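Note sheet for the following structure.
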Amino acid sequence: MLIWIALIIVPMLFGLYAQMRIQSAYNKNVQIPSRGRITGREAAEAIMRSAGVHDVEIVQVPGQLTDHYDPIRKRLALSELNYDGTSLAALGVAAHEAGHAIQHKVGYTMMNIRQTMAPATQIAAGVSNWVIMGGILLISFAGAKVLGTQLLMLGAIALGVIVLFQLVTLPVEFDASRRAKAQLVNLGIVDRDEMPGVHQTLDAAALTYVAAFVAALGSLLHILMILAGNRREE
């Protein structure tokens with residue numbers, strides 16, 4: 001029971017905390033306008049231009065915190081409040097996404113690895129839960145231990161892919177935030193004494209990626225423990 005709590009419940013609570021923290025940090029700093037009154041779109045454009053990135057389209061997308069960079073389409077998408085917004089939160093998020101565009105241009109190794117893994121990860125994420133639930137049901141209620149164990153092993157492989165993807169994601173996100181923070185100051189988009197609001201927003205966002213990795217790792221370890229227990233019973 002204690003192991004189940006440590007591997008499943010604790011990561012779940014950590015994930016909820018990370019989501020609450022990013023929402024709190026964003027909602028606070030989106031209310032604080034920057035002195036320069038530069039919009040998120042303008043900030044992203046300036047940062048990419050300074051790095052020699054001229055072939056990325058900046059578009060507006062609906063929703064909150066739906067911002068992302070699409071390396072396949074070379075498209076930087078900013079959510080409504082961040083596209084036209086001049087807040088510290090908007091500038092931090094926009095600069096972060098511009099950081100991903102710069103990573104793409106310079107061939108940042110970890111980003112390339114993540115992009116290579118993306119198709120396999122999408123498949124793994126789509127089947128992992130169903131395969132694991134099927135395996136547990138077969139073992140617990142159908143008496144089909146062999147088939148159930150095989151499904152759990154397949155689920156463990158899928159979770160392993162997800163864990164590796166989440167692990168690779170961490171340096172990609174941290175590096176994009178590092179680039180963003182430096183460029184906001186270097187280009188005079190944000191004054192140094194305004195940076196705490198940017199730090200708070202981006203650091204809270206980074207925590208969500210750490211929480212996703214911890215949750216995936218906890219699930220993987222839980223399934224591996226179930227498999228180890230089944231083998232001991234044979």
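The values are calculated or read from the model by the stated rules, or taken from the named source; none is laboratory data. Everything quoted here is computed from the prediction, not taken from an experiment. No Cβ is skipped: glycine too gets one built from the backbone with ideal geometry, and neighbour counts run over all protein chains shown. Calculation scope for accessible area: heavy atoms of the full protein, side chains included, ligands and nucleic acids excluded. Shrake-Rupley method; radii C 1.70, N 1.55, O 1.52, S 1.80 Å.
Fully extended, how many nm does the chain gain between Val127 and Ile72 (0.36 nm per residue separation, minus their Cα-Cα distance)?
Here the answer is 17.4 nm.
Per 0.36 nm of contour for each residue apart, how much would the distance between Leu2 and Gln64 grow if the chain were fully extended, relative to their Cα-Cα spacing?
Result for the pair: 18.7 nm of gain on full extension.
Roughly speaking, what is the centre-to-centre gap between the stretch 1-40 and the stretch 129-168 when only Cα atoms are used, to the nearest Å?
When both Cα centres are located, 30 Å separates them.
Can you list the aspartates and glutamates whose alpha carbon sits under 14 Å from that of Lys74, skipping same-chain ones fewer than 8 residues off?
Glu45, Asp55, Glu57, Glu97
Can you give the FRET efficiency to the nearest 0.05 for Ile32 and Asp55, using r as the Cβ-Cβ distance and R₀ = 45 Å?
After rounding, the FRET efficiency stands at 0.90.
Rounded to the nearest whole Å², what accessible area per residue is found for the stretch 1-81 with the 1.4 Å probe?
For the stretch 1-81, the per-residue accessible area is 61 Å².
With charges set only on the Cβ (+1 for Lys and Arg, -1 for Asp and Glu), what does the dipole of the chain come to about its Cα centre, in debye to the nearest 20? Write down the numbers at each step before the final one.
On the way: 18 positive and 17 negative charges, 58 e Å.
In debye, rounded to 20, the chain gives about 280.
Answer rounded, prolate or oblate for the stretch 13-128, using the Cα gyration tensor with square roots of eigenvalues a ≥ b ≥ c: rounded when a/c is under 1.5, else prolate when a/b is larger than b/c, else oblate.
oblate
Given Cα pairs under 8 Å that are at least 6 residues apart, what percent is the relative contact order of the stretch 78-208?
Once divided by the residue count of the stretch 78-208, the mean separation gives 35 percent.
Given the DSSP H assignment, sum -39500 (n - 2.57) over each helix run of at least 4 residues in the chain and divide by its residue total; what's the result at 222 nm in deg cm²/dmol, nearest 500?
Only helices count here, giving -24500 deg cm²/dmol.
Give the residue from Ile22, Thr86, Leu164 lying farthest towards the positive end of the charge dipole for the chain; charges sit on Cβ (+1 for Lys and Arg, -1 for Asp and Glu) and the dipole is referred to the Cα centre.
Farthest along the dipole direction, towards plus: Leu164.
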